[in-house]
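Report on the structure given below.
Nothing in this text is a laboratory measurement; each read-out follows from the coordinates by a stated rule. It should be emphasised that the depicted structure is a prediction, and the values quoted were computed from it without experimental measurement. Cβ sites come from the backbone with ideal geometry, for glycine too, and all protein chains shown count toward neighbours.
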Amino acid sequence: MRRDYALEPKVQHYACMIDILGRAGQLEEALNLIRSMPIEANDVVWRSLLSACRNHRNVGMGRKLMKGLTQGGAWDSSTCVLLSNLYAGVGMWGDARKVRTMMREKELKKVPGCSWIELDGIVHEFVVGDYLCPRAKEASSSSEMFCTSNLHSSTTSLEYTCS
């Protein structure tokens, strides 16, 4: 970016690279990139690598990252959920339970996922676990049609609810 476009990479660019390397299983290379960054890595950068640790079941690196994240003040629900899921993914149920217990003690709540869909020119926000929206069934049908026709994939029941 510097040479070709005279642009200085920002933390968001590094976070994208960490995510790409992590998805490719290049966890050590991603960690080395973080260590060589000329700017301080933020919690998004660290969580990107922690997510890759979960996906590739690298508990050792995940634990090291958690120490850095907690010292940096990024001990929040999404970080805890990533660590808990990493432990659960490798069958370390006791450790996963400890993280979830700590979340309850510190009153950390998992933020529900959400998405948006436009129906008849109106944008609706849908939040996981909220079943009060009168157009939830229609949104679910629209999503299933999109997935089936545009992505050529079969879908199981996609459930969307709005808030």
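Peptide packing for 56-64, 93-101 was compared via the average number of neighbouring C-beta atoms within 10 Å per residue; ordered from the highest value, the list is 56-64, 93-101. Here's the list of lysines a cross-link from Lys64 could span, going by alpha-carbon distance under 20 Å and ignoring same-chain residues fewer than 8 apart: Lys98.
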